[in-house]
Amino acid sequence: MNLVLTGSTSGIGWETLLALLPQFDLVILPVRNLAKAEKLIQHLPQKEKIVLINLDLSNLACVKDGAAAILSQLDAIHVLINNAGGMYPGGKRTTEGIDLSFSSNHLGQFLLFQELLPALIKGQAKVIQVSSEAHRIAKPPEQDFSLRKSTSTVASYAKVKLYNILFTNEIKNRYASEELSAYSLHPGAVRTAFGSEASPWAKGLIAFTKLFFISPKAGAATTIFLATTAKKNLKNGGYYKNKKISSPSTLARNSKLGKALWEFSLAEIRRVFTNTGTAKK
């Protein structure tokens, strides 16, 4: 079986890698910093199973190239875990002119899924999105899916965590007939370097609340549970907390909003690649 895991070089992603490495034949790790990743994995048992791929989710061109590199290594993916993400200052843009939080936490993941889709279908894959209970404070995106009007770090983060769940639901709606399944989860409030690029106000809030945070190992438990539990024992499209099914917010269950986000995401990808002279297939 083959695993693709983003955000594997720290925090719950690292703990997820340690737990799942023995259970897969090939583990693909898309990473932003190849040197850091190479140093981290060099002493791991079974490191020969690991393939590192240069991929920055905040850069769509890099995602496209990275996805092609992944597909050169395999033709079937059995589990895709979208663990990478972060909290960034509201209004911060990528080199492609996209809000950094939107690109890193949603659009890059969305494009990665689209590019890997043939291999995901062949592997009848599980797609696992690491979301957050922060999605519950998200306000309706209305006409600002891309967060261009958002200047609040916390509000932007809440919306992209909402998008993770809406994206999960749409995968189920569109691809259940292809035997794809999708799940989202809240890992818990985890004691990691999360929020290191957030605004000063958000950093202060995170630093205070870390007094009550759980360990990265505990935070990875639900991801590991979803990756290793038989599909027949899971709810396709389900949102999980503490390894149990939970009900997300009303907005997160809005199928019209999920469809609108999907269509907007496709259009945004086409816009970016058209503007750069590389049309999205």
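The values are calculated or read from the model by the stated rules, or taken from the named source; none is laboratory data. All values reported here derive from a predicted model rather than from experimental measurement. Here Cβ is always computed from backbone atoms with ideal geometry, including for glycine, and neighbour counts include all displayed protein chains.
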Query raised in the report: Of the residues in the range 30-57, how many are closer than 25 Å to His186 by Cβ and modelled with pLDDT under 95?
Result: 1
Query raised in the report: Does Val31 satisfy being within 15 Å of the chain's Cα centre (by Cα), crowded, with 23+ Cβ neighbours inside 10 Å, in contact (Cβ under 8 Å) with a residue 60 or more places away in the chain and over 20 Å from Lys217 (Cβ atoms)?
Result: no
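Okay, residues lined up against (1) outside any helix (DSSP H, G or I); (2) at pLDDT below 95; (3) in contact with a helix residue (DSSP H, G or I) (Cβ under 6 Å, 6 or more places away or on another chain):
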{"residue": "Ile165", "(1), (2), (3)": "no, no, yes"}
{"residue": "Glu170", "(1), (2), (3)": "no, no, yes"}
{"residue": "Tyr183", "(1), (2), (3)": "yes, no, yes"}
{"residue": "Ala193", "(1), (2), (3)": "yes, yes, no"}
Query - Residue, surrounded by the fewest Cβ atoms within 10 Å (Cβ to Cβ), within the range 61-87, restricted to residues that are among the polar types (S, T, N, Q) and assigned to a loop (DSSP other than H, G, I, E, B) - result: Ser72
Query raised in the report: From the set of residues in the range 146-190 that are under 22 Å from Lys244 (Cβ atoms) and of a type in the set (D, E, K, R), which is surrounded by the fewest Cβ atoms within 10 Å (Cβ to Cβ)?
Result: Lys172
Query raised in the report: Is there any pair with a first residue in the range 228-249 that is surrounded by 14 or more Cβ atoms within 10 Å (Cβ to Cβ) and a second that is of a type in the set (D, E, K, R) and outside any strand (DSSP E or B) whose Cβ atoms are under 7 Å apart and which are 6 or more apart or on different chains, and what are they?
Result: Asn236/Lys172; Gly237/Lys172; Ser249/Arg136
Report summary line: Taking the range 232-270 and keeping only residues that are touching a Pro at 6+ places or on another chain (Cβ under 7 Å) and either in a strand (DSSP E or B) or aromatic (Phe, Trp, Tyr) (or both), one is left with Tyr239
Requested in this report: Quickly run through the range 252-274 and pick out the residues that are over 30 Å from Thr95 (Cα atoms) and over 19 Å from the mean Cα position of the chain (by Cα).
Outcome: Asn254, Ser255, Lys256
Requested in this report: Check Gly90 against each of (1) closer than 24 Å to Lys244 by Cα; (2) surrounded by fewer than 24 Cβ atoms within 10 Å (Cβ to Cβ) and name the one condition it does not meet.
Outcome: (1)
Query raised in the report: Which of the following residues is over 25 Å from Leu40 (Cβ atoms), buried (at least 19 other Cβ atoms within 10 Å of the Cβ) and of a type in the set (S, T, N, Q): Ser101, Ser58?
Result: Ser101
Query raised in the report: Do you know which residues across the range 51-90 are without any contact (Cβ under 8 Å) to a residue 12 or more places away in the chain and either more than 17 Å from the chain's Cα centre (by Cα) or closer than 19 Å to Val130 by Cβ (or both)?
Result: Asp65, Ser72
